[in-house]
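Below is one structure; the comments refer to it alone.
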Amino acid sequence: MNYRSTRDPNAQLYTDAQAIIQGLAPDGGLFVPAAFPQPQFDLARLTTSSYQQLAQTVLQWFFPHLSTAATVPAAYGAQWDHPRIAPLTPVHAGSYYLELFHGPTLAFKDVALQVLPHLLQAAKHQTKDTRETIILTATSGDTGTAALRGFRNVAGTRVIVFYPQHGISPIQEAQMRSQQGDNLHVVAVKGNFDQAQTTVKEIFNDPTLAAVLASHQQHFSSANSMNIGRLIPQITYYFSAYGQLLRQGVIQAGDQVNFAVPTGNFGDILAGYYAAKLGLPVGRLICASNKNNVLTDFFATGTYDKRREFFVTNSPSMDILVSSNLERLLFDVSGGDAELVQQLMHELQDQGHYSLPTELLTKLKQLFAAEYATPDEIQTEINRVFKEANYLIDPHTAVGSIAAHRYHTLSGDPRPCVVVATASPYKFPETVLQSLDNTVPSQSTGLDAIEQLAQLDPRPLTAGVEELFTNQPQPVLTTTPAAMPRMVLDILKKTDK
């Protein structure tokens, strides 16, 4: 299996190991399979396959040259609080919820970031790469914690996470600041996520910084979904969800299923698109956005325009205006037209917008639908689901739930819909509490809010939630977007001593 950049018309090839180690292509593009796998599999067997078996199969499809036999048992073991890893609920308030928050940091990012460190180690071993890997990541809340947890004390790595200083929940910030590891560094950025992510990409492509790292036998890599090793493991839970619907008797093998996916950086929903390309019977992928609804407008008009007000909302992990993984989708639907992708990405960077050719928008609309939700609608949905099903959902999952119901109402589509539940309600207890008819004081924050919420939840607290009460937050560094490159060098210089 070889990989190429989405922006390289010459289609230079990279091995799976090289793609994982580099994270981002040298031209600023994203790595994609040079030839997409075309596996043969029996859908009926999904009913008897464990999550671990499905994960191993997916990794073998995309990374056949890496030794991954030990990866899956290490990634999906005792650190998960549910034996199915990603359990699918029975229907609650009209939807099936795919719970991706049973890992150590209570969000779907654990699904991939418990795998990525092992993939990186396998890739470095295969290529005999002895350099120290500097994992550089911008986060809108969940990736940072999951990356810190996944890579803590992993030999030959250091992790630097940048997050928007006022753009994540108190629990998300506490989680990042309390991760313990000698190789972990957390930096608050006086700006929003898009500014942090854009600067991280610039750092990756800065030849001066690359030369400094090379002189110290170091190199950058990414734990964001820009890294193909972060993206591919997410495909597994779409197959797992389908198998669970089969097991519940909701569908028969071959029936199509819709998925409503809370979407920010477009990695989660892109994994669903890749699952469909592999042969999973996916009906519609419903792209669910919050008030930062640049993707909703894109799927409606074919124009991607980031020249708009940025909103800080109650679903902060989706407060994003530049969805990086959309680039991979554009590459695929254009038939691998790297020149077009390069042109569109340059237009976005230089002019702040681009428009798709009409025929490409038509192709996208055959599989994708798009809806968005306001902060008030999010709170109303959290309240509705709890009242109807005695089931707590977080604000991001609420966005997906709203999108699923709105799409069904407008389209009349009878196919079952799975809402991808991306985070535990305990990561955003303040918003959840405020949504439940103010049954508890709205001023409750952090751990106090978790304790208040637990009194309403019929399910016991998981180990991941209980851990929040034991770890002590550490001091955090602060910088601006412009000073991020200098901060990286300062961190590496200090930790080299």
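Dipole magnitude of the chain about its Cα centre, charges +1 at Lys/Arg Cβ and -1 at Asp/Glu Cβ only, in debye to the nearest 20?
So the dipole magnitude of the chain works out to roughly 820 debye.
So what is the 222 nm mean residue ellipticity for the chain from helices alone, if each DSSP H run of at least 4 adds -39500 (n - 2.57) and you divide by all residues, rounding to the nearest 500 deg cm²/dmol?
The helix-only estimate for the chain comes to -12500 deg cm²/dmol at 222 nm.
In which sequence would SER140, SER315, SER334 go, from the one with the fewest C-beta neighbours within 10 Å to the one with the most?
Going from least to most buried by this count: SER334, SER140, SER315.
Can you work out the FRET efficiency for the pair HIS216 and GLN40, with r the C-beta to C-beta distance and R0 = 56 Å, to the nearest 0.05?
After rounding to 0.05, the efficiency reads 0.75.
Can you tell me which of 90-103, 32-45 comes out highest on packing, and rank the rest after it, using the mean Cβ neighbours within 10 Å?
Sorting 90-103, 32-45 by mean packing, highest first, produces 90-103, 32-45.
Please compute, for the alpha-carbon atoms of the chain, the extent along each of the three principal axes and give them in descending order in Å.
60, 49, 46
Given R₀ = 25 Å, FRET efficiency for GLN474-THR445 by Cβ-Cβ distance, to 0.05?
Calculated transfer efficiency: 0.80.
Fully extended, how many nm does the chain gain between LYS363 and THR127 (0.36 nm per residue separation, minus their Cα-Cα distance)?
Length difference between fully extended and current span is 81.1 nm.
Work out, step by step, the length gained on full extension between ALA483 and ASP255: first 0.36 nm times the residue separation, then minus their alpha carbon distance; give nm to one decimal.
So the extension gain works out to 76.9 nm.
Considering only LEU364, ASN290, LEU136, whose Cα is most displaced toward the positive end of the charge dipole of the chain, charges sitting on Cβ of Lys, Arg (+1) and Asp, Glu (-1)?
So the residue we want is LEU136.
Longer than 32 Å from Cα to Cα, which of LYS365/LYS387; LYS363/LYS387; LYS291/LYS494; LYS124/LYS201; LYS124/LYS306 are they? Say none if no pair is.
LYS365/LYS387; LYS363/LYS387; LYS291/LYS494; LYS124/LYS306
Would you mind telling me the antiparallel percentage of the DSSP bridges in the chain, rounded to 5?
25
Determine, for VAL187, VAL161, VAL399, the number of other Cβ atoms within 10 Å of each Cβ, and report the residues in order from fewest to most.
Ordered from fewest to most neighbouring Cβ atoms within 10 Å, VAL187, VAL161, VAL399 come out as VAL187, VAL161, VAL399.
Which residues in the range 259-301 have a backbone N closer than 17 Å to a point placed 7 Å from the Cα of ASP376 along the Cα-to-Cβ line?
290-292
Enumerate the residues in the range 116-132 having an amide nitrogen under 17 Å from the point lying 7 Å beyond the Cα of ARG152 toward its Cβ.
Within reach of a label on ARG152, which here means backbone N under 17 Å from a point 7 Å along Cα→Cβ, the range 116-132 contributes 116-118.
Counting alpha carbon pairs within less than 8 Å and at least 6 residues apart, what relative contact order, in whole percent, applies to the chain?
19
Please grab the % of Cα pairs in the range 196-301 that end up more than 21 Å from each other.
52
Once fully extended, how much extra length lies between ARG307 and GLU467, figured as 0.36 nm per residue of separation less the alpha-carbon to alpha-carbon distance?
That pair, ARG307 and GLU467, stretches by 53.5 nm at full extension.
Using each residue's phi in the range 307-317, evaluate 6.51 cos²θ - 1.76 cosθ + 1.60 at θ = phi - 60° and report the 3J(HN,Hα) Karplus result to the nearest Hz, with x for Gly and Pro.
7, 8, 5, 9, 9, 8, 10, 8, 10, x, 5
With the alpha-carbon atoms as the only input, what is the per residue convex hull volume for the range 291-358 in Å³?
84
Any chance you could list the semi-axes, whole Å, largest first, of the equivalent ellipsoid that the Cα gyration tensor gives for the range 90-188, using √(5λ)?
Rounded to whole Å, the semi-axes are 27, 19, 10.
Using the Kirkwood radius over Cα pairs, work out the Stokes-Einstein diffusion coefficient for the range 372-434 at 20 °C and 1.002 mPa s, in µm²/s as a whole number.
Rounded to a whole number, D works out at 180 µm²/s.
Using the Cα centre of the range 37-189 as origin and beta-carbon charges of +1 (Lys, Arg) and -1 (Asp, Glu), tell me which of VAL154, PRO39, PHE108 is placed farthest towards the positive end of the dipole.
Checking the options against the dipole of the range 37-189, the answer is VAL154.
Calculated FRET efficiency, ASN205 and ALA69, Cβ-Cβ r, R0 60 Å, to nearest 0.05?
E between ASN205 and ALA69, to the nearest 0.05, is 0.95.
Treat the count of other C-beta atoms within 10 Å as a stand-in for reagent exposure and order LYS387, LYS128 from fewest to most.
LYS128, LYS387
No value in this document is a laboratory result; all are computed from the given coordinates. Not measured: the values here are computed from a predicted model. Don't worry about glycine lacking a Cβ; one is built from the backbone with ideal geometry, like all the others, and counts go over all protein chains shown.
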